[in-house]
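Peer 1: Just dropping this structure here.
The values are calculated or read from the model by the stated rules, or taken from the named source; none is laboratory data. Everything numeric in this text was worked out from a predicted model, so none of it was measured. Glycine gets a Cβ as well: all are built from the backbone with ideal geometry, and neighbour counts include every protein chain shown. The protein model used for the area step is the full one, side chains on, heavy atoms only, and it has no ligands, DNA or RNA in it. Shrake-Rupley method; radii C 1.70, N 1.55, O 1.52, S 1.80 Å.
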Amino acid sequence: MYRARAFVFLTPKALGRRRYRRVCAEFGLEPLPSGYGALLCHDDEHREITVLTPDPGYLSAIVSSLCELHRLRQRDTDEPARIDEAKFPLSRAGWPTRQCRGM
């Protein structure tokens, strides 16, 4: 099980075409027209791992749902969200920091 710490949209729209292609090359991903949704996570041994979905709209829906849930509960917690690994079929060691820094 992974613990999500942050998210990023690895898409041509979010990164620009050149940076998007560099991120795909860095992670060994096929550049898809719609891009990827990425969760920056820690595994059970606290190693950095990126899990990806080829459906960035799915990640957007998850993020919106979690934000709304926290607002409705009026809860602030430091406990990171747990995710289902099956929903994010791709994973890569590390986080895409070189190309996504400053986002």
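Peer 1: What number of residues within the range 1-50 satisfy the criterion of being more than 16 Å from the chain's Cα centre (by Cα) and among the hydrophobic types (A, V, I, L, M, F, W, C)?
Peer 2: Matching residues across the range 1-50 total 1.
Peer 1: Considering only residues of the range 11-25 that are of a type outside the set (A, V, I, L, M, F, W, C), farther than 18 Å from Gly57 by Cβ and out of contact with any helix residue (DSSP H, G or I) (no Cβ under 6 Å at 6 or more places or on another chain), which is most open to solvent (accessible area, probe 1.4 Å)?
Peer 2: Here the answer is Arg18.
Peer 1: Mind checking whether some residue in the range 1-10 is open to solvent by less than 10 Å² (accessible area, probe 1.4 Å), touching a helix residue (DSSP H, G or I) at 6+ places or on another chain (Cβ under 8 Å) and under 14 Å from Leu90 (Cα atoms)?
Peer 2: yes
Peer 1: With the condition kept exactly as written, say whether any residue in the range 49-67 is part of a helix (DSSP H, G or I), at pLDDT 90 or above, open to solvent by 40 Å² or more (accessible area, probe 1.4 Å) and of a type outside the set (Ser, Thr, Tyr).
Peer 2: yes
Peer 1: On the basis of being open to solvent by less than 70 Å² (accessible area, probe 1.4 Å), modelled with pLDDT under 85 and polar (S, T, N, Q), does Gln99 make the cut?
Peer 2: Yes; evaluated as a whole, the condition is true for this residue.
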